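Bear in mind these aren't lab numbers, they're just calculated from the coordinates by the rules spelled out. Just so it is clear, the model here is predicted, and its values are computed rather than measured. As a convention, Cβ positions derive from the backbone with ideal geometry for all residues, glycine included, and neighbour counts pool all protein chains shown.
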Ligand code: NAP
């Protein structure tokens, strides 16, 4: 191949970080990692990083066109529905190849006490009316929903500190970034007397420890299921991404 292939990687996930490491080693690919800027101290990347929204589909179309990008890999979180929809629309407009690097969702195993809900607002009543000790791992941005059930004791884990005004009255916040082992998660949950875990169905190994720990401890799990995604070819990991890029790089 004569010229380097410009690739935009939409990131903010472990998958995107892993992909960045592999793409950085391939001289024929010139990839840029894009982050929304939600995390105050994002993990370092070997790729050039751009931070912040594009300005909707229109802005993304402009960035892709002016940046000479020839492919997009959407490695965003399964709950980042807006950017994925925008990427699909922008690539369709520009007739650019787009693929998705995502993790399969978690599935309940026999004996698990899972309650699937469509969103965080629906997760709150699913905890039940009786006061319970609840472990919340759904991120810092939608915590205000739990103020509707002030009778519970919440253990809230986030990467960056949540805004005080969004917190329910009875809470303890712990700041930590995964991966978390099932053993450590079980210690944390057992130590805090947790009866209910609230989690998004993020999928993937890095945050599966809490689901496994809940299984071991018999903790009830309220699972916020994924929003609809625009679809597209799914790449199982960095090697699949390289093969996909190789298929597209010599296309006119
Ligand atoms: P979202 O609702 O789909 O996106 C909201 C807006 O943020 C988008 O319209 C876009 O702004 C901007 N944006 C999102 N991802 C971007 C990226 N990779 N590069 C540049 N701009 C981006 O997404 P979200 O749920 O707020 O998540 C934001 C980021 O955090 C995503 O990159 C995602 O991978 C990561 N993340 C999300 C979750 C979660 O639970 N939602 C969990 C872990 C990590 P413009 O319209 O202005 O382009």
Length-normalised contact order of segment 153-194, Cα under 8 Å, at least 6 apart, in percent, tallies to 41 percent
Ranking 51, 222 by Cβ neighbours within 10 Å, fewest first, what do you get? 51, 222
Working from Cα positions, state the angle (0 to 90°, nearest 10) between the long axis of helix 238-249 and the longest principal axis of the chain. 30 degrees
Share of Cα-Cα pairs in the chain beyond 22 Å, whole percent, is 58 percent
How far is helix 14-24 tilted off the main Cα axis of the chain, in degrees rounded to 10, range 0 to 90? 20 degrees
Counting only Cα atoms, I'd like the Rg/Rh figure for segment 135-246, Kirkwood definition for Rh. 1.05
Can you tell me the relative contact order of the chain? Whole percent, Cα pairs under 8 Å, sequence separation 6 or more. 21 percent
Listing 202, 17 from the residue with the fewest other Cβ atoms within 10 Å to the one with the most, what is the order? 17, 202
How much mean residue ellipticity at 222 nm does the chain get from its helices, if each DSSP H run of length 4 or more adds -39500 (n - 2.57) and you divide by all residues, to the nearest 500 deg cm²/dmol? -9000 deg cm²/dmol
Test of understanding: ordering 248, 152 by Cβ neighbours within 10 Å, fewest first, what list do you get? 248, 152
Before anything else, pin down the relative contact order of segment 120-247: Cα pairs under 8 Å, at least 6 apart, normalised by residue count, whole percent. 24 percent
Over segment 162-209, what lengths in whole Å, largest first, do the semi-axes of the equivalent ellipsoid take, defined as the square roots of 5 times the eigenvalues of the alpha-carbon gyration tensor? 21, 15, 11
What value in Å³ per residue do you get for the convex hull of the alpha-carbon atoms in segment 116-181? 95 Å³
Per the Kirkwood treatment, what hydrodynamic radius in Å, one decimal, follows for segment 1-86 from the mean inverse distance over all distinct Cα pairs? 13.2 Å
Specify, per residue and in Å³, the volume enclosed by the convex hull of the alpha carbon atoms belonging to segment 47-169. 156 Å³
Between segment 150-175 and segment 27-57, what's the alpha-carbon centroid distance in Å? 29 Å
Treating the angle as unsigned and between 0 and 90°, give the value, to the nearest 10°, between the Cα long axis of helix 81-94 and the longest Cα principal axis of the chain. 10 degrees
Could you please state, rounded to a whole Å, how far the C-alpha centre of segment 88-137 is from the C-alpha centre of segment 190-249? 8 Å
